[in-house]
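Visitor: Structure incoming, see below.
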Amino acid sequence: MTDPSETTERRFESNPTVCPFCGVGCSVEYAGRGSATGVEGPVNERGEICPKGAAAFDVVDSDDRLTEPLVRHDGRFVTAPWEAALDRAVEGIGEVVDEHGPDAVQFFASSNCTNEENYVLQKLARVLGTNNVDNCARLCHASTVAAMSERLGAGAMTNTLDDLGEADCILVNGANPAEQHPVAFRSYILPAVRDGATLVHVDPRANDTTEAADVHLPLRPGTDIELLNAVAATLVEEGLVDEAFLDERTTGFDRLRERLVDVDVAANAEAAGVEPEAIREAARAYGEADRAAIVTGMGTSQHRCGTDNVHALLNLALLTGNVGRPGTGVNPLRGQNNVQGASDVGGLPSVLPGYEPVTDPDARERVAAEWGVEPPAEPGLTEVEATHRFGDDVRAAVVFGENPAVTEPNATAVASAFDDLDYCVVIDLFETRTAAHADVVLPGSAWAEKCGTVTNTDRRVLRMRPNADLPGNARRDFDILTALGRRLTDRPEAFDYDRPEAAFEELTRVAPIYEGMSYAGIGDGYQRWPFDADAGRGTEVLHAETFATGERTAPLAVVDPVPPADDLDPDELVLTTGRVLQHFNSGALSRRSDRLVAMRGEDALQVHPSDAAERGIEDGDRVTVSNERGTVEVAAEVTPAVREGVTFCTFHYPEPLANALTGDALDPEAKIPEFKHSAVAVEPAAEAGEGSGATGDD
Ligand SMILES: Nc1nc2c(c(=O)[nH]1)N[C@H]1C(S)=C(S)[C@@H](COP(=O)(O)OP(=O)(O)OC[C@H]3O[C@@H](n4cnc5c(=O)[nH]c(N)nc54)[C@H](O)[C@@H]3O)O[C@H]1N2
Ligand SMILES: Nc1nc2c(c(=O)[nH]1)N[C@H]1C(S)=C(S)[C@@H](COP(=O)(O)OP(=O)(O)OC[C@H]3O[C@@H](n4cnc5c(=O)[nH]c(N)nc54)[C@H](O)[C@@H]3O)O[C@H]1N2
Ligand code: SF4
Ligand SMILES: [Mo]
């Protein structure tokens, strides 16, 4: 590849910033010739990065970037000057507000964007008069956050990446960090394993993480509670619980023990489809370790019982006293580079910046003192609830850096629901499938074109710095959002920031967990929340003396199995979906990179050899995958890596679209979708299909 600075007008310069491609938060900068290089940073201390990080500039420099605002004219998009496009957006949204009230508008915040941008977006929603703002943490760790907040008082990683290195046992449940958080895996988890820590991997598929595991429990998707209850029962039965910790730091042990003595480990093992002895081995590894850490991901969280799955995991940590010390805890690895921050700064419908409930009058008053307007007291809609109500009581949407027409479940229905809206504004880098349903599309700024902060998976606020100027007439997201705030609300002065830093300073005044932080304080390093302004440092290990609830004790919970929403016919397979190393989420970014596409071009459906043989399917054959929600065609990858009865594909490609098949069921508490369990029929495709859309639209 030639240096883009030589072939285009755009200017690139090297400034340490944060990789956009996962929540680990590696430091990268422009290295010339269209490439990123790792630079020594707080997380990647030796400058190490993964293949996605190395390809991160391919997105910035893609020819597909939107460079002019688009407005719909006679059903088609035409380019428009900024003023005209902003006027149209404000008029369209304004009309819906006038006619139906502010709760008829849904705001999608962006886990791919900065704290400052998300802070302004949620402020815009709330100053307009609605708490209808959510980000794709809803699709991701909403259930983890719900369970952990309820039991421990905070939904984030209890511990740090650094102190994972001190664990003697690491239980990875429903996560594949070797591919999804590569630097966390290689630089933190793997060294602990090489140092003697036992790695237990609970995942229906064997993947790169499994390769390093001592124990692999290839459970049936959706049976985590059966499996984790059997682990808990073994801990109790074999005396591996921490009596002193149970006495001092927990409540409800007697009740849980009563239930666990009734758990038949062999029966639960059978329900989960694993060997009882493997469950006992995992329980012993975890229970006998001095310091045992849990790492959890989407395999745990993305179920209609996602919150209960996490409750079952939390029981293990509390039963064995593995909370509040280095090398222990429950550690959700977060998704995009700012999914933690988008939530921290209030991009959620039920909490204000810093997780203060919207229902708390004191919290609302504190915010009102800064904004001059009190935010509404009623929690707003979550994003999947909202799309289910498009055209009904939700009449307009502002979608900032999210692609729900590809990434929400039952996406075909979601895409057509967008057409039921009276008005839709999208702010993105590309003409995505979601943008295709918009009235106005505003061209925003990519990760390397912005200044601001992001908060990584272990609660570290890091600075982003521009490495490139903007393509064409694209604008900085921060400027787009503040312009919308000034025009849409009756408090234009509340959106008059001269720079992102001013929004960050305001954030530190309204979000208690960020109080005392500053750009200068972060510098080339980081500041971690909860931040102690007097001591000038953050808390590394949460819940040491008291839990973040303020209590000395946390409750144990009785958790009963919940069947998945889709019933399974005997001739059907369970489809579970997820990710691969070379691609990212909806693919809008990763498919812009020739080098990532060259590493892995098309999607494939993993099918177990015996399921394939039964259906007359051979490796590489085109197959159809169908259920009542849709039918997709894809190539089969016949492999024993998936367990019998289970099939797996990614959601990185618009065709075939995993989310054509996933269902509408939501966790009742966290409202997270059931991405990890759908019943599907798989059969050979009638005739050779067209190639998949690996380079098609988004
Ligand atoms: N390369 C790459 N990295 C990424 C991303 C990406 O798209 N590509 N996306 C980022 C984002 S937004 C996120 S949220 C994280 C997600 O990171 P992960 O949580 O690692 O993501 P997934 O691959 O969705 O799911 C993890 C594992 O859950 C397993 N699983 C499926 N069903 C079940 C089940 O019922 N029980 C259990 N125990 N396991 C199950 C899957 O086989 C899969 O290996 O990754 C981030 N990093
Ligand atoms: N079947 C299935 N579906 C899933 C999942 C699964 O495991 N299985 N996982 C779910 C999870 S965990 C997540 S997080 C979601 C992800 O869902 P999304 O957030 O919808 O997916 P992304 O591909 O990250 O899309 C982000 C959009 O933001 C745009 N964008 C990126 N950076 C910027 C920026 O700086 N500025 C602006 N303005 N736009 C930007 C991109 O072009 C893209 O269109 O998918 C969910 N969907
Ligand atoms: S591990 Fe994550 S943050 Fe680090 S380089 Fe890879 S994708 Fe980027
Ligand atoms: Mo995510």
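Each row is one residue, and each column tells you yes or no for (1) modelled with pLDDT under 95; (2) within 13 Å of ligand 3 (Cβ to nearest atom); (3) under 26 Å from the mean Cα position of the chain (by Cα).
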position	(1), (2), (3)
Glu6	yes, no, no
Arg11	yes, no, no
Cys19	no, yes, yes
Gly23	no, yes, yes
Arg33	yes, no, no
Ala56	no, yes, yes
Leu70	no, no, no
Ala104	no, no, yes
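Visitor: Go through region 196-289 and tell me which helices (runs of 4 or more DSSP H), entirely inside it, have 3 or more residues that are assigned by TED's automatic domain parsing to the domain that holds Asn173 and either basic (Lys, Arg) or over 26 Å from Gly324 (Cβ atoms) (or both).
Guide: 208-211, 253-260, 265-272, 276-288
Visitor: Taking strands (runs of 3 or more DSSP E) that fall entirely within region 428-481, which contain at least 1 residues that are touching a helix residue (DSSP H, G or I) at 6+ places or on another chain (Cβ under 9 Å) and under 16 Å from Phe57 (Cα atoms)?
Guide: Where strands (runs of 3 or more DSSP E) fall fully within region 428-481 and carry at least 1 residues being touching a helix residue (DSSP H, G or I) at 6+ places or on another chain (Cβ under 9 Å) and under 16 Å from Phe57 (Cα atoms), they are 460-464.
Visitor: Among the candidates Asp208, Asp168, single out the residue that is open to solvent by 10 Å² or more (accessible area, probe 1.4 Å), within 15 Å of ligand 1 (Cβ to nearest atom) and more than 16 Å from the chain's Cα centre (by Cα).
Guide: Going through Asp208, Asp168 in turn, the sole match is Asp208.
Visitor: Tell me which helices (runs of 4 or more DSSP H) are completely within region 355-417 and hold 1 or more residues being more than 30 Å from Ala494 (Cα to Cα) and open to solvent by 50 Å² or more (accessible area, probe 1.4 Å), or say none if there are none.
Guide: 383-388
Visitor: Within the set of pairs 6 or more residues apart or between chains, which connect a residue that is free of Cβ contacts under 8 Å to residues at least 12 places away in the same chain inside region 472-486 to a residue that is more than 16 Å from ligand 4 (Cβ to nearest atom) and open to solvent by less than 80 Å² (accessible area, probe 1.4 Å) with Cβ atoms less than 9 Å apart?
Guide: Asp479/Ser445; Arg486/Pro492; Arg486/Ala494; Arg486/Phe495
Visitor: Output the residues belonging to region 596-649 that are at pLDDT below 95 and of a type in the set (Lys, Arg).
Guide: Arg600 - this is the single residue of region 596-649 that is at pLDDT below 95 and of a type in the set (Lys, Arg).
Visitor: If a residue counts only when it is among the aliphatic types (A, V, I, L, M) and within 15 Å of ligand 2 (Cβ to nearest atom), which helices (runs of 4 or more DSSP H) contained entirely in region 101-168 have at least 1 such residues?
Guide: 115-128, 142-152
The values are calculated or read from the model by the stated rules, or taken from the named source; none is laboratory data. Predicted model only: the values in this text are computed from it and were never measured. All Cβ positions, glycine included, derive from the backbone under ideal geometry; neighbour counts span all protein chains shown. Protein only, heavy atoms only, side chains kept; ligands, DNA and RNA dropped before computing areas. Shrake-Rupley method; radii C 1.70, N 1.55, O 1.52, S 1.80 Å.
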